[in-house]
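Heads up, the thing below is written out as structure tokens.
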Amino acid sequence: MTTPLEQAINGIEGMQYMTSTSGNDGTCAIVITFDVTRNLDIAAVDVQNRISQAEGRLPNEVKQVGIS
């Protein structure tokens, strides 16, 4: 379930690596680690923009519950 988000997020400027976990209850978490020189406010906006682009590829159940 995290694959569309991971694909959208991958390659964001300043990203060093990304890890994700998924639970049996349908939850998941993606953690992105950025280079220390990257402005985190701008990085957060970049991530949110990429997530917005990927939302159309997510299952309806995810869209109903939402992403935080």
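3J(HN,Hα) along region 9-17: 6, 3, x, 4, 3, x, 6, 8, 7 Hz, from the Karplus curve 6.51 cos²θ - 1.76 cosθ + 1.60 with θ = phi - 60°, whole Hz, x for Gly and Pro.
Ordered from highest to lowest accessible area with the whole protein assembly present and a 1.4 Å probe, 5, 40 read as 40, 5.
Note on residue 55: accessible area approximately 80 square angstrom, rounded to 10, probe 1.4 Å, nucleic acids and ligands left out.
Express the carbon and sulfur contribution to the solvent-accessible surface of the chain as a percent, rounded to the nearest whole number, probe 1.4 angstrom. All intermediate terms of the calculation are to be shown ahead of the outcome.
On the way: 2350 of 4840 Å².
Here it works out to 49 percent.
Less than 5 angstrom separates the built amide H of residue 28 from those of 23, all sequence-distant by 5 or more or on a different chain.
Rolling a 1.4 Å probe across all protein chains gives residue 20 an accessible area of roughly 50 Å².
Site pair residue 17 and residue 2 shows an inter-label distance of 1.3 nm when each label is modelled 7 Å from Cα along Cα→Cβ.
About its Cα centre, how strong a charge dipole does the chain have in debye, to the nearest 20, once Lys and Arg get +1 and Asp and Glu get -1 at the Cβ? Mind showing how you got there, number by number?
On the way: 4 positive and 8 negative charges, 21 e Å.
Dipole size: approximately 100 debye.
The GNM of the chain, with springs linking C-alpha atoms under 10 angstrom apart, assigns the highest mean-square fluctuation among 39, 49, 24 to 24.
Just from its helices, what would the mean residue ellipticity at 222 nm be for the chain, if runs of 4 or more DSSP H residues each count -39500 (n - 2.57) and the sum is divided by every residue, rounded to the nearest 500 deg cm²/dmol? Working shown, then result.
Working: 3 runs with 28 residues, N = 68.
Per the formula, -12000 deg cm²/dmol.
Rolling a 1.4 Å probe across the protein heavy atoms gives the chain an accessible surface of 71 Å² per residue. As a length-normalised measure over Cα pairs under 8 Å and 6 or more apart, the relative contact order of the chain settles at 36 percent.
The values are calculated or read from the model by the stated rules, or taken from the named source; none is laboratory data. Computed from a prediction, not measured in an experiment: that's the story for all the values here. Cβ coordinates were reconstructed from backbone atoms using ideal geometry, including for glycine residues, and neighbour counts include every protein chain displayed. For accessibility, only protein heavy atoms count, side chains too; no ligands or nucleic acids. Shrake-Rupley method; radii C 1.70, N 1.55, O 1.52, S 1.80 Å.
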